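FYI, it's all coordinate maths here, none of it is from the lab. Everything quoted here is computed from the prediction, not taken from an experiment. Glycine gets a Cβ as well: all are built from the backbone with ideal geometry, and neighbour counts include every protein chain shown.
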């Protein structure tokens, strides 16, 4: 590759973050959740995304340490404000929702292995 071709290459850097809800246990008789959810976002502009959320905090008179979580955004008006602001933010998102009781036995083994590796006994 010559120098001029090299100059035309653009490199993108993305920051990824994720969160999960539910648990990987299959012991429904002891209160295991029916669903396991994993969500991931990616952005090439993490500071811009933080600024969007900070602006929402300021406009809604929320503390600077306020965390936007599903249960904490209980107001319909605040939820609409958050989604409207995020609608123009620069990020991509993906979610995986697992309905655990419908999994074939081979996947149930996989889920139990994840749980064991997260919480080894002994």
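Tabulated data
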{"quantity": "Rounded if a/c under 1.5, otherwise prolate or oblate - the stretch 25-79, Cα gyration tensor axes", "calculated": "oblate"}
{"quantity": "The stretch 23-60 residues near the modelled residue 13 label - backbone nitrogen below 11 Å, point 7 Å along Cα→Cβ", "calculated": "45-46"}
{"quantity": "Label-point separation, residue 78 to residue 23 (7 Å along Cα→Cβ), nm", "calculated": "2.7 nm"}
{"quantity": "Fully extended contour minus Cα-Cα distance, from residue 30 to residue 60, at 0.36 nm per residue", "calculated": "6.8 nm"}
